[in-house]
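One structure is given here, and the rest of the page talks about it.
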Amino acid sequence: MPLVRTNLEADYAIALTTVGFFIFWFTGKSERILAKFVERYGAEKGQERFIYLKRVVGMLCFGVIPALVLMTQDFYIKTLPEFFTGTWADYGVAAKFPPALFYWTIGLGAVITFMTSRTARQPDNLAQYPEIRKLPWSRSTLIWSALTWAGYLVAYEMLFRGFLLFSCVRAYGEMSAIVINTAIYALVHLPKGPKESIGAIPLGALFCYITLQTETIWVAVLVHLALAWSNEWFSLKYRLLEQRAGL
């Protein structure tokens, strides 16, 4: 099916991103839901399971909804023929592995990991991370946290550097699509503080550029995962050191 340059696809993607983040953030900030988990499982276990719930909600809002849109393209062709509905590859979810993918992943992943090893010890970072606040962590906590991070970030990048980016490219062109994507990406980081929101601007723009160059979301997924995992593990290390020092 030929690609159709239409604003409707991009409008739908922007609306989908907005609604998804409203649901995600209201769930993640819900004191009522957290209280129910704490009441049922205890303070530490309840907070841990609440974090897992938040990430699963993110998977649903950011990954499942775009996937359903892609998998129900016959419905849209019949009801909204002007609304482009393509394949997974049209949104960067493709088994493409050009050499640049490996260069970017290894190089940028190493830089990100080195930077988080330095920034993770800062008080403002330790106030938020790791998201699971109990100390120490069991092996099952390490595994489940890593797995839920992976699922969440695959869904996250599928929405941002997949569905949103490629639909905006077809509607507005590459430069405008990168600006729109980066602006929304920075805004959704505002609840985590100005430092993360400002830092999201160059990183978001770079993720968009790499995704368009490689025609796949996998560099963004893997580097974002390196960022999340390394920050979590270094933050956990420094919080344990603080605990042992009696701080």
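No value in this document is a laboratory result; all are computed from the given coordinates. Source: prediction; values computed, not measured. Don't worry about glycine lacking a Cβ; one is built from the backbone with ideal geometry, like all the others, and counts go over all protein chains shown.
Count Lys and Arg as plus one, Asp and Glu as minus one, and take only other residues whose Cβ is under 9 Å from that of E44; the net charge is then +2. In the stretch 13-67, which trypsin sites (Lys or Arg not before Pro) are in a loop and have at most 12 other Cβ atoms within 10 Å, using DSSP for the loop call? Within the stretch 13-67, the qualifying trypsin sites (Lys or Arg not before Pro) (loop, at most 12 other Cβ atoms within 10 Å) are K29. Computed from phi, the 3J(HN,Hα) profile of the stretch 137-154 under the Karplus parametrisation 6.51, -1.76, 1.60 (θ = phi - 60°) reads 8, 7, 4, 5, 5, 4, 5, 5, 5, 4, 5, 5, 4, 4, x, 4, 6, 4 Hz, with x in place of Gly and Pro. Taking θ as phi - 60° and the Karplus parameters 6.51, -1.76 and 1.60, the scalar couplings of the stretch 212-227 work out to 5, 6, 8, 6, 8, 7, 5, 5, 4, 4, 5, 5, 4, 5, 4, 5 Hz in sequence order, x denoting glycine and proline. By the Cα gyration tensor, the stretch 7-244 has an equivalent ellipsoid whose semi-axes, rounded to whole angstrom, run 32, 22, 15 from largest to smallest.
Residues whose amide H lies under 5 Å from that of Y129, counting only those 5 or more places away or on a different chain, are absent; hydrogens are built 1.01 Å from N in the peptide plane.
Sequentially through the stretch 37-54, phi angles give Karplus couplings (6.51, -1.76, 1.60; θ = phi - 60°) of 5, 5, 4, 7, 10, x, 4, 6, 5, x, 5, 4, 5, 4, 5, 4, 4, 4 Hz, Gly and Pro residues having no value and appearing as x.
Take every pair of alpha-carbon atoms less than 8 Å apart whose residues are at least six positions apart; their mean separation over the length of the stretch 168-247 yields a relative contact order of 18 percent.
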